[in-house]
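In what follows, a structure is listed as structure tokens, so that the remarks can point back to it.
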Amino acid sequence: MDSLKSVLAVSKIDSNIYDANRLMAVNFWEINPDSAIIYANRALDLAKKLKDKPKIAMGYQAIGVSYDYKDNLDSCLKYLNEGLVIYQSINKPEGASHILSDIAIAYYFRGNYELALRNHFAALELRQKSGNKRFIAISYNNIGLVYRSRKDYANAALYYQRSLAIKKEINDEQGVLNSLLNVGSAFQNQENTTAL
């Protein structure tokens with residue numbers, strides 16, 4: 001983080017200082033969400049001065065996720081939706097899919113599995129259209145997590161297996177290991193449920 005701070009100290013208003021502020025926000029998400037919000041707002045302000053719509057959308061996204069870490073769902077959704085609207089208006093489906101996934105995660109951690117699934121499936125649809133297999137696999141895994149939390153172990157296993165197949169195809173060794181654990185866990189939970 002020190003190198004990012006030094007970039008911030010000497011940079012003029014350009015893409016580098018925007019990137020440094022956004023990365024600082026990301027780095028502070030878990031350890032200090034208030035600082036993350038400050039850096040994310042700086043990034044957003046710079047993106048607006050640069051009139052760079054994708055960066056503006058990412059700035060809103062960084063603020064939204066920062067508020068999610070503060071457990072402030074209303075502000076989280078407000079900023080994530082601002083970013084989503086921009087990505088949709090400039091036809092950037094990959095960026096929109098990331099925000100939809102962030103929205104789904106926000107709902108998931110608050111136990112609203114229906115809205116989590118709705119947003120994960122919307123993200124998946126965009127990712128399938130773009131053909132980005134890595135992100136398709138991530139969406140399948142995230143959908144599996146929601147089904148598992150709903151104790152729908154059959155659907156959890158189904159989506160984990162879809163994720164696993166793609167991770168094998170793209171040679172994501174760590175992803176394959178994680179997916180195998182998820183599939184095994186879903187089957188084990190399903191057996192325990194049917195044994196009762």
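The values are calculated or read from the model by the stated rules, or taken from the named source; none is laboratory data. The model shown is predicted, which means the values in this text are computed figures rather than measured ones. Cβ: placed from backbone, ideal geometry, glycine included. Neighbour counts: every protein chain shown.
Quick notes
- Flag for LYS78 being of a type in the set (Lys, Arg), in contact with an Asp or Glu (Cβ under 9 Å, 6 or more places away or on another chain) and either in a helix (DSSP H, G or I) or free of Cβ contacts under 8 Å to residues at least 40 places away in the same chain (or both): no
- Given (1) of a type outside the set (Lys, Arg); (2) modelled with pLDDT of 95 or more; (3) surrounded by 23 or more Cβ atoms within 10 Å (Cβ to Cβ), index of the condition TYR18 fails: (2)
- The requirement of being of a type in the set (Gly, Ala, Ser) and either more than 30 Å from TYR79 (Cα to Cα) or buried (at least 16 other Cβ atoms within 10 Å of the Cβ) (or both) is fulfilled nowhere in segment 124-136; no residue meets it.
- Any hit, segment 95-108, residues being among the polar types (S, T, N, Q) and surrounded by fewer than 18 Cβ atoms within 10 Å (Cβ to Cβ): no
- Leading residue by the ranking (farthest from ILE63 (Cα to Cα)) among those in segment 14-50 that are among the hydrophobic types (A, V, I, L, M, F, W, C) and in a loop (DSSP other than H, G, I, E, B): ILE31
- Residue match in segment 51-62 (condition: closer than 29 Å to GLN128 by Cα, among the polar types (S, T, N, Q) and surrounded by 16 or more Cβ atoms within 10 Å (Cβ to Cβ)): yes
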